Amino acid sequence: MQIRDGLRRQAPSATGAMRSPMSAMMLAMFATMASFYVAGRLWQDAQNRVYLIKELDRRTGQGRSAISVDDTLKVVSCRQQGKRLASLEMELAAAKHEGFVGKYTSETNATHSRKKPLVVIGIMTSFGRKNYREAVRKSWLPTGSLLKKLEDEKGIVVRFIVGRSANRGDRFDREIDDENRSTNDFVILDDHIESDEELPKKTKRYFANAAETFDAEFYAKVNDDIYINVDTLSAMLETHWDKPRVYIGCMKSGEVFSEATHKWYEPDWWKFGDGKSYFRHASGEMFVVSRAVAQFISINRSVLRTYAHDDVSVGSWMIGLAVKHVNEAKLCCSSWPSGFTAIYYL
């Protein structure tokens, strides 16, 4: 009985011994298959990475490590030109430091030569002021072929600036059109309604139109009762040729009037602070801006705020810009002869 009981007790151990090798073999087979699977995935991922890197190089051009001889020569030539340009810029800076001022010269290309205008002068006029325009033409503004000669030889473009009547095509429009056919010295702003209250918007449209039409160095706004010596004006402007952003005029500031009955009433007086004092700006009889400033006005005309007066409006546009304000004494009232209805400038 004891022997049988012992055999029965030993039987399960024998069965377990038979199962252990089987389990180890299955575990080994599973581990081997898992290793193959992992290795396969790693190899596939590596291949994918290689493909993606090659594709990225192909699309971005980074994979091209060699260039042709012609391309190499072009690179060398560009570098030489860059060094030459840098050398010329240094020479120019040194010349300016020593007081050199460039002169008005022509630009030439392979087919023709032309002169870039030195200044475009816009004379602000309106309906019923033909006598003022005739006085300007008889004094300092030539007519006919002489007007073209002024543009070609001295680079000075002069135009009367006027808008359209609220009643389009009425007597006022016809008179301006007839006068322009005879003199050909107008710029007619078809998108502007002529009125004294709209002068700031008219000034903005003038600068925008002039910057788009003429590639000049400077742009001037003048009233039609201002008489100009164009030679003296040219000499003065040439002294500011080295300033890319310049605003020239009789600089002033003064009280902002909040009384509606005052001649210089400003409806937006509250925007100028408790002191009610204007910022620095050029007097409206005549002022000049450089090309970069005129282009800024042209590009941003839809968002530039206008106030009751055109001189204040233009001055407000200059506040946020890196513009050099030039206070030109010859444009101030103290330099004008007394007793003149029409003002003589320069």
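The values are calculated or read from the model by the stated rules, or taken from the named source; none is laboratory data. Small disclaimer: the values here were computed from a predicted structure and weren't measured. For neighbour counting, all protein chains shown are included, and Cβ atoms are generated from backbone atoms with ideal geometry for every residue, glycine included. Just the protein is used for accessible areas: all its heavy atoms, side chains included, with ligands, DNA and RNA removed. Shrake-Rupley method; radii C 1.70, N 1.55, O 1.52, S 1.80 Å.
The local environment of residue 214, defined by Cβ-Cβ distances under 11 Å, has a net charge of -1 under the rule Lys, Arg +1 and Asp, Glu -1.
Sequence-ordered 3J(HN,Hα) estimates for segment 295-303 from the Karplus curve with 6.51, -1.76 and 1.60 and θ = phi - 60° stand at 5, 4, 4, 4, 5, 10, 4, 6, 10 Hz, glycine and proline given as x. Here the simple spin-label model places points 7 Å from the Cα toward Cβ, and for residue 322 and residue 171 these points are separated by 5.4 nm. Karplus-derived 3J(HN,Hα) values for segment 161-178, using 6.51 cos²θ - 1.76 cosθ + 1.60 with θ = phi - 60°, are 10, 8, x, 10, 6, 4, 9, 3, x, 7, 4, 5, 4, 5, 5, 5, 4, 5 Hz; glycine and proline are entered as x. Here segment 119-331 is described by how far its Cα atoms reach on the three principal axes: 54, 45, 30 Å, from widest to narrowest. In this structure, the amide hydrogen of residue 160, modeled 1.01 Å from its nitrogen in the peptide plane, lies closer than 5 angstrom to those of 123, 186, 187, counting only residues at least 5 positions away or on a different chain. Within the shell of other residues whose beta carbon sits under 13 angstrom from the beta carbon of residue 305, the net charge comes to +1, with Lys and Arg scored +1 and Asp and Glu -1. Based on protein heavy atoms only, segment 209-278 ends up with 49 Å² per residue of surface accessible to a 1.4 Å probe. When you count the other C-beta atoms within 10 angstrom of each residue and take the mean per peptide, 220-232, 255-267 line up highest first as 220-232, 255-267. Computed over protein heavy atoms with a 1.4 Å probe, the carbon and sulfur contribution to the accessible area of segment 119-331 reaches 48%.
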